[in-house]
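J.: Mind looking over this structure? Questions follow.
The values are calculated or read from the model by the stated rules, or taken from the named source; none is laboratory data. Please read these numbers as outputs of a predicted model, since none were measured by experiment. Don't worry about glycine lacking a Cβ; one is built from the backbone with ideal geometry, like all the others, and counts go over all protein chains shown. Ligands, DNA and RNA are stripped out before the accessible areas are found, and what is left, the full protein with its side chains, is counted by its heavy atoms. Shrake-Rupley method; radii C 1.70, N 1.55, O 1.52, S 1.80 Å.
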Amino acid sequence: MNTSDSKVAIVTGASRGIGSEIARRLSQDGFSVVVNYASSATEADALVAAIQAQGGQALAVKANVASAEDVRRLFNETEQYFGSVDVVVNNAGIMALATLAETDDETLDRQIDINFKGTFNTMREAARRMRDGGRVINFSSSVVAMLQPTYGVYAGTKAAVEAMTSVFAKELRGRNITVNAVAPGPTATDLFLNGKPQEVVDRLSRLAPLERLGQPQDIAATVAFLAGPDGGWINGQTLRANGGII
Ligand code: NAP
């Protein structure tokens, strides 16, 4: 059991990419952070060690967000170690691109299980167990507005996250908890870069008027705003953090 009285943030999918930068940033902002991961234990442990070396409080917890049982255990272990939950960042997600005609059942189910059901599982647990005054920050994507071919299933799961975000914000009336979503544009992580030829990466990098890819730090700063004191009046919204791509 940790005795620190700082606020506690669970960041799902924090072993790599955007999630690891969110965990780092929230720790710098004074939160104790739970670094959730599905399989990258080495990366998660290294991140926890790096945060602790900077004087922060962190705990790595393996849990598949697609499993309601795992998510209950994630909250249990957080409460046992840190005492409470104040912020939940539903960052864990996967993307598999294919036309609808070429999408097989397994690829469809995996994206629904992790992106949609995973966000549902953590939100349901948050609704039951989060302290009043907390913040929930979900992850959508700017592809919900861009609607390019091959993004159909992925964008569909993220559109569902946006809808649940607004509904959940209303359901938490009276508890002073805000619920918002962040919708990044192309951001330099494995999820975006893997499998794309350099020419495609270069083309997508120039699409936004700011003419570069988002960096995980850009998105972490957006999450930090929503999780911190300055973001307190934003509720039920989806904030597109994409350099103006749409
Ligand atoms: P990433 O680099 O692929 O990292 C994904 C993270 O999610 C990893 O830490 C991974 O952990 C974790 N994860 C995957 N499946 C999980 C599961 N079932 N349970 C728990 N954790 C799981 O992805 P990213 O680019 O940082 O994406 C983060 C979020 O931003 C996602 O929701 C994504 O849809 C959204 N987004 C990204 C972009 C972009 O361009 N990068 C754009 C818009 C939206 P393990 O390594 O342990 O599996």
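J.: So in segment 187-202, with the set limited to residues that are assigned to a loop (DSSP other than H, G, I, E, B) and more than 30 Å from Val85 (Cα to Cα), which one is farthest from the ligand (Cβ to nearest atom)?
T.: Pro197
J.: Could you check segment 111-156 and list, in sequence order, the residues that are in a helix (DSSP H, G or I), within 9 Å of the ligand (Cβ to nearest atom) and touching a Lys or Arg at 6+ places or on another chain (Cβ under 9 Å)? Reasoning before the result, please.
T.: Taking segment 111-156 first, the residues in a helix (DSSP H, G or I) are 111-129, 143-146, 152-156.
Checking which are within 9 Å of the ligand (Cβ to nearest atom) leaves us with 113-115, 118-119, 143, 154.
Passing the criteria: Asn115, Val143.
J.: Of Leu97, Leu108, which residue is more than 17 Å from the chain's Cα centre (by Cα), within 14 Å of the ligand (Cβ to nearest atom) and open to solvent by 50 Å² or more (accessible area, probe 1.4 Å)?
T.: Every option except Leu97 fails the conditions.
J.: Taking Arg25 and the conditions (1) closer than 23 Å to Val182 by Cβ; (2) away from the ligand (no atom under 16 Å from the Cβ); (3) open to solvent by 10 Å² or more (accessible area, probe 1.4 Å), which numbered condition does it fall short on, given that it satisfies the others?
T.: Result: Arg25 passes all but (2).
J.: Quick test for you: out of Asn121, Asn180, Asn176, pick the one residue that is within 17 Å of Ile234 (Cα to Cα) and either open to solvent by less than 40 Å² (accessible area, probe 1.4 Å) or under 15 Å from the mean Cα position of the chain (by Cα) (or both).
T.: Residue meeting the stated conditions: Asn180.
J.: For Arg240, only one of the following conditions fails: (1) of a type in the set (D, E, K, R); (2) over 18 Å from Val144 (Cβ atoms); (3) not in a helix (DSSP H, G or I). What is its number?
T.: Answer for Arg240: the failing condition is (2).
J.: Moving to a separate point now. Looking at Met146, is it among the aliphatic types (A, V, I, L, M), touching a helix residue (DSSP H, G or I) at 6+ places or on another chain (Cβ under 9 Å) and buried (at least 19 other Cβ atoms within 10 Å of the Cβ)?
T.: No; evaluated as a whole, the condition is false for this residue.
J.: If a residue must be in contact (Cβ under 8 Å) with a residue 60 or more places away in the chain, touching a strand residue (DSSP E or B) at 6+ places or on another chain (Cβ under 8 Å) and surrounded by 20 or more Cβ atoms within 10 Å (Cβ to Cβ), how many such residues does segment 211-234 contain?
T.: 5
J.: Consider Ala160 against the criteria (1) outside any loop (DSSP other than H, G, I, E, B); (2) buried (at least 22 other Cβ atoms within 10 Å of the Cβ); (3) of a type in the set (Gly, Ala, Ser): it satisfies all of them except one. Which criterion is unmet?
T.: (2)
J.: Can we say Val35 is near the ligand (Cβ under 10 Å from one of its atoms), buried (at least 21 other Cβ atoms within 10 Å of the Cβ) and either outside any strand (DSSP E or B) or modelled with pLDDT under 95 (or both)?
T.: no
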